[in-house]
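The values are calculated or read from the model by the stated rules, or taken from the named source; none is laboratory data. Note that the structure is predicted; figures quoted are calculated from it, not measured. Virtual Cβ from ideal backbone geometry, glycine too; neighbours counted across all protein chains shown.
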């Protein structure tokens, strides 16, 4: 007898095969994501010498840290750096030789200082995975985002996986809707429970369905936020259409100067002073309070310095969220970066960052929850494979039985 294909049958087949196709990748991102939720503690476990304790001390100001970093290695230039409780982390690159105009030789691009004394704690090359101890979480992050390929193609591939995941999460919740007649909510309620006394196959199915229902909002948010990271060419147009959010490329392009600034007239200290004043003025204008300085950067393509602080507008406990772009020659105001409160699309993007990076106000309880969620995502994928395997075995058994019956007849 020919099987009749309803819309539900088609959607179920799509869900089954997309789930199988994604299973390995979701197990990888789930387990690596669980580790990344505790990035700093794990890093500190493997590299205790790269961290210090505050012990009631006040950190050096950002400009002093930048000056001490440059004094320790004249061959390097600072791109950006952050100062947090346990370390000051600098992203650096080689200076150009004044005669040959070629980069000078340095064997690191990450420099770590004691934020209270300016003393060097260590340095390493981020892309040198053979030096695995300081790179332990960079390696995990590389596997999480690009399957360890360290390429744009790998990153984009995972973006497409995330897009399929996002669409499939909508398909999955639709499949849980009850069929037949009667009160919708009364019948749908059965899908949220688990028959613990049933056999393994039924319990596994209930766990897959009910687990997906209970944590569906987070499954969808993590899928869509992964699209934001891996496929901005998909994320940006959708957010622009729904929330009239300008694309990140458009926002950055509007700040790019005609001629990149190579030798700014302002040094780090002058840029810090200008940034402090400008942010104080912007705080009064936009009604936010400043908690502490966070980091600085020099971006020649934007013609100046970025001065970043932690404020009442921030969602995350860490991250480059609130700041001001300072003209590198005269210290004038160029742009204000605010994570929330200015545009709904930008605010949603900031929340997606914080949720995905397990960082909402640096709450440990939330990090723990996301660490467990990563394990759940891996188990949810495995349970889906088990459901398919059991149904496949049952279908084969049925076909074999029908074949035997036909032969006997």
Checklist entry - Are any of the residues in the range 355-369 surrounded by fewer than 20 Cβ atoms within 10 Å (Cβ to Cβ), assigned by TED's automatic domain parsing to the domain that holds residue 15, touching a helix residue (DSSP H, G or I) at 6+ places or on another chain (Cβ under 7 Å) and part of a helix (DSSP H, G or I)? => result no
Per the filter on the range 231-254, residues at pLDDT 80 or above, closer than 18 Å to residue 159 by Cβ and in a helix (DSSP H, G or I) are 232, 233, 234, 235, 236, 237, 238, 239, 240
Checklist entry - Of the residues that make up the range 332-344, is at least one in contact with a helix residue (DSSP H, G or I) (Cβ under 7 Å, 6 or more places away or on another chain), closer than 21 Å to residue 269 by Cβ, surrounded by 20 or more Cβ atoms within 10 Å (Cβ to Cβ) and without any contact (Cβ under 8 Å) to a residue 60 or more places away in the chain? => result no
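Here is a yes/no grid of residues against (1) at pLDDT 95 or above; (2) part of a loop (DSSP other than H, G, I, E, B); (3) surrounded by 14 or more Cβ atoms within 10 Å (Cβ to Cβ):
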residue	(1), (2), (3)
5	no, yes, no
10	no, no, no
28	yes, no, yes
40	yes, no, yes
58	yes, yes, no
65	yes, no, yes
82	yes, no, yes
98	no, yes, no
Looking across the range 288-309 at residues that are surrounded by fewer than 20 Cβ atoms within 10 Å (Cβ to Cβ) and closer than 22 Å to residue 77 by Cα, the single one that is nearest to the chain's Cα centre (by Cα) is 299
Per the filter on the range 64-89, residues within 27 Å of the chain's Cα centre (by Cα) and farther than 21 Å from residue 260 by Cβ are 82, 83, 84, 85, 86, 87, 88, 89
| said: One residue is enough: does the range 161-179 have a residue meeting the conditions farther than 27 Å from residue 6 by Cβ and crowded, with 17+ Cβ neighbours inside 10 Å? | reply: yes
Given (1) in contact (Cβ under 8 Å) with a residue 24 or more places away in the chain; (2) assigned by TED's automatic domain parsing to the domain that holds residue 93, residue 74 misses just (1)
If you go through 154, 191, the only one that is within 30 Å of residue 226 (Cβ to Cβ), free of Cβ contacts under 8 Å to residues at least 12 places away in the same chain and under 33 Å from the mean Cα position of the chain (by Cα) is 154
Given (1) outside any helix (DSSP H, G or I); (2) under 30 Å from residue 372 (Cβ atoms), residue 262 misses just (2)
Conditions (1) assigned by TED's automatic domain parsing to the domain that holds residue 161; (2) surrounded by 19 or more Cβ atoms within 10 Å (Cβ to Cβ) -> residue 229 fails only (2)
(Q) Would you confirm, using the coordinates I've provided, whether residue 197 is surrounded by 14 or more Cβ atoms within 10 Å (Cβ to Cβ) and assigned by TED's automatic domain parsing to the domain that holds residue 391? (A) no
Picking from 378, 394, the residue that is at pLDDT 95 or above, surrounded by 11 or more Cβ atoms within 10 Å (Cβ to Cβ) and either in contact with a helix residue (DSSP H, G or I) (Cβ under 9 Å, 6 or more places away or on another chain) or in the same structural domain as residue 17 (by TED's automatic domain parsing) (or both) would be 378
**Request:** Would you mind stating whether residue 186 is over 20 Å from the mean Cα position of the chain (by Cα), outside the structural domain of residue 337 (by TED's automatic domain parsing) and closer than 19 Å to residue 381 by Cα?
**Result:** no
Per the list (1) within 30 Å of residue 220 (Cβ to Cβ); (2) free of Cβ contacts under 8 Å to residues at least 40 places away in the same chain; (3) surrounded by 19 or more Cβ atoms within 10 Å (Cβ to Cβ), residue check on residue 312 breaks on (3)
